[in-house]
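Asks: This is the structure, below, for whatever I ask next.
The values are calculated or read from the model by the stated rules, or taken from the named source; none is laboratory data. Values in this document were obtained by computation on a predicted structure and should not be read as measured data. Backbone-built Cβ (ideal geometry, glycine too); neighbour counts: all protein chains shown.
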Amino acid sequence: QEKADVNAAAAGDSGRTALQAAAEGGHLAIIERLLQEKADVNTAAAGYYGRTALQAAAEGGHLTIVERLLQEKADVNAAAAGDYGRTALQAAAEGGHLAIVERLLQEKADVNAAAAYCDGRTALQAAAERGHFLVVKCLRDAGAHLIFQIKMAWSIGAIIALCA
């Protein structure tokens, strides 16, 4: 009997694999099963909004999933996909997920990775825009550059958080 391809991407713009979808939803038991079946943790993100499994878990704030994927050698610096993608660090910073930001930095995540083409933000910009002061401080302590293009939509609070 033939087995399903655990690395097959869904059709359409999302193009997610089962592992990417499970990571997004924080479903550890499913992730464990997919890893047993040799799911590729570093499958490239697809489409304009595509994410690797690690990027999806970081965005969702799923620390346990992030840890598990790092055990499987997930690429902490996988590039942001398409026009709207984000690195795992950028996604965690935007969501204010401090523990994940710290963990990714321990794994040598690039604190100054370039922002995506369309409306992209560096990790520092994303955290500041959302008002995540502790994440901003963590990123600054890790060497995040302050030189950036200020976006018109930024709030005064976001700019103050960067300067604090």
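Asks: Quick check on my filter: what residues within region 66-76 are in contact with an Asp or Glu (Cβ under 9 Å, 6 or more places away or on another chain) and either at pLDDT below 95 or in a helix (DSSP H, G or I) (or both)?
Replies: Selection gives Arg68, Leu70.
Asks: While we're on this one: Only residues that are part of a helix (DSSP H, G or I), out of contact with any Leu (no Cβ under 8 Å at 6 or more places or on another chain) and modelled with pLDDT of 95 or more: list them for region 95-132, please.
Replies: Within region 95-132, Gly95, Glu102, Gln106 meet the criteria.
Asks: For region 133-162, give me the residue count where each residue is surrounded by fewer than 12 Cβ atoms within 10 Å (Cβ to Cβ) and either on the phi < 0 side of the Ramachandran plot or modelled with pLDDT under 90 (or both).
Replies: Initially, region 133-162 is screened for residues surrounded by fewer than 12 Cβ atoms within 10 Å (Cβ to Cβ), giving 141, 143, 145-147, 149-153, 156.
Filter once more, keeping what is either on the phi < 0 side of the Ramachandran plot or modelled with pLDDT under 90 (or both): 141, 145-147, 149-153, 156.
Of the residues in that region, 10 qualify.
Asks: While we're looking at this one, here's another question. Tell me which residues, restricted to region 1-28, are more than 14 Å from Thr43 (Cα to Cα), small (Gly, Ala, Ser) and either modelled with pLDDT of 85 or more or part of a helix (DSSP H, G or I) (or both).
Replies: Gly25, Gly26
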